[in-house]
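What follows is a short report on a single structure.
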Amino acid sequence: MKRPITRRRVLRGMLGGAAVSVALPLLDCFLNTNGTAYADGAPLPVRFGTWSWGCGMSKSIFVPKTIGADYDLPEEIVSFKPVRQHINLLTNFNGFRDAAPNLCHYTGWVIQRAGSPPMTTFDRPGQTIDVTVARRISAGTRYQSLSVTATSDERDTLSYENATTVNTAIASPLALYEKLFGAGFQDPNAPEFKPDPMTMVRKSALSGVLEDAKNMQASVGAADKQRLDQYFSSLRDLERQFELQITRPEPREACVVPSKKSVEQAISGIDAEHVAARHKIMTDLLVMAVACDQTRVFNMLYSKPFSGTTKNGYDKPHHTATHEEPIDERLGYQPNASWFTRRAMENWAYFVEAFSKVKEGDGTLLDNMLIYATTDQSFAKIHSIDGLPMLTAGRAGGKMKTGLHIDGKGSASTRMGYTALKLLGVDVPSWGTQSNTTSQEIGEILA
């Protein structure tokens, strides 16, 4: 007779002659009916990152008049000059909402990152592209992916697994430092390697309950079986992390552990200067996280949709300025709203340059990366998702050209996501839904 399943049930097993147990997540059956290049010659890994800024652009001073290489740099993107050779600027790509509403500061980025228009602000169709890529390229790293934000609010994230699982962002430079280089970090270049005995015990304890886990899956309904599958996947990920912590990592030439003192005095606040200071510190930490092979997938949020960044001496935050500031008749754009965009692009340039300065193999860390940058609107004043700008950086291990301005000619913005998936080895025949469905790569940037 099968054991009845109650909320007190645990998975049981044996480890070295001793009993071990692991608790279960909350299941439906517990509830009421309401259901409330390496040393061995292996190629260097290609990494994937995303970057985001809020509230779009001013088209007349953001979009270059020339396409291809050596494109001009209008006022809002003049900061690209030192990194233009490392990036691609993609303009005139559209997000198609089909029968869905245009949800302010939401529909645009969801289409660019998940391929589908949401029906409500609580709708999260599919999964974001970083999650898809992480499942393909992150094996062997300590963290499958990392999401960080310079806004100081951990809720500001553009990454989710599914409708109910949002990947919370790390919002503090110190918290990011502790996660990356605190307890559990194994320096790949350390002369000695000493695995933690407790890590070995925890790994073995998880292994000891696998048999009971298999038996239990045959005793629950479909919904609980799916929930258990997700839970056991999490346990396997945890066990994989334990495995990494008791295995000596390969030496990494580019890995230099930063000083903790450099992040302890991070400035709080939402003024653009404070946001930039946090962004700089967190960028430098992410660079070393990638260089030390702590992760191969990450998300960096400079400013969120509905950007609340402020300007010293100006009484409106970025988002409010995009709607309430009139267009200057002489200039042809909103000067204060544009000021915020210029600060965002300066921080993008810093982000790209930071990765380009780290030597790796015969090139740089950036050469072995593909960074995909998006925003939520094209012209935020009217919540437009036509003519969405996008950016990329890095050469994806030599598979991508850089230094180009590409005119999308009104085609689907999901083409960039599809191109990224193909370059990173995610073999899909198409990406996106309905009018956003595409199987057309952006050929101009393929090497």
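The values are calculated or read from the model by the stated rules, or taken from the named source; none is laboratory data. Worth saying up front: this structure is predicted, and the values here are computed from it rather than measured. Neighbour counts run over all protein chains shown; Cβ positions are idealised from the backbone, glycine included. Accessible surface areas use protein heavy atoms only, side chains included; no ligands, DNA or RNA. Shrake-Rupley method; radii C 1.70, N 1.55, O 1.52, S 1.80 Å.
Structure above, values below:
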item: Residue within segment 29-42 that is in a loop (DSSP other than H, G, I, E, B), at pLDDT 95 or above and open to solvent by 50 Å² or more (accessible area, probe 1.4 Å) present; result: no
item: Tabulated pairs, segment 73-102, first at pLDDT below 95, second surrounded by 20 or more Cβ atoms within 10 Å (Cβ to Cβ) and in a helix (DSSP H, G or I), C-beta under 9 angstrom, 6+ apart or interchain; result: none
item: Criterion (under 21 Å from the mean Cα position of the chain (by Cα), under 23 Å from residue 70 (Cβ atoms) and of a type outside the set (Val, Ile, Thr)) met by exactly one of 350, 418; result: 350
item: Residue count, segment 269-320 (criterion: assigned to a strand (DSSP E or B) and more than 19 Å from the chain's Cα centre (by Cα)); result: 2
item: Long-range neighbours under 7 Å by Cβ, at least six apart or interchain, first residue more than 17 Å from residue 145 (Cα to Cα) and of a type outside the set (S, T, N, Q) within segment 274-289, second assigned to a helix (DSSP H, G or I) and open to solvent by less than 30 Å² (accessible area, probe 1.4 Å); result: 276/347; 278/173; 279/347; 281/173; 281/263
item: Residue within segment 316-324 that is crowded, with 21+ Cβ neighbours inside 10 Å, at pLDDT 95 or above and in contact with a Ser or Thr (Cβ under 8 Å, 6 or more places away or on another chain) present; result: yes
item: Single residue of 396, 412, 380 found to be within 20 Å of residue 138 (Cα to Cα) and not charged (D, E, K, R); result: 396
item: Contacts under 8 angstrom Cβ, first residue in segment 394-414 being among the aromatic types (Phe, Trp, Tyr), partner buried (at least 20 other Cβ atoms within 10 Å of the Cβ) and modelled with pLDDT of 95 or more, 6 or more apart; result: none
item: Selected residue (criterion: most open to solvent (accessible area, probe 1.4 Å)) from residues of segment 153-168 that are among the polar types (S, T, N, Q) and modelled with pLDDT under 95; result: 164
item: Matching residues, segment 357-414, being open to solvent by 20 Å² or more (accessible area, probe 1.4 Å), assigned to a strand (DSSP E or B) and more than 15 Å from residue 63 (Cα to Cα); result: 359, 363, 364
item: Meets criteria (under 28 Å from the mean Cα position of the chain (by Cα) and modelled with pLDDT of 95 or more) for residue 117; result: yes
item: Segment 58-82, subset of a type in the set (Gly, Ala, Ser) and closer than 20 Å to residue 401 by Cα, residue least open to solvent (accessible area, probe 1.4 Å); result: 68
item: Any hit, segment 106-113, residues being of a type in the set (S, T, N, Q), within 20 Å of the chain's Cα centre (by Cα), part of a loop (DSSP other than H, G, I, E, B) and surrounded by 15 or more Cβ atoms within 10 Å (Cβ to Cβ); result: no
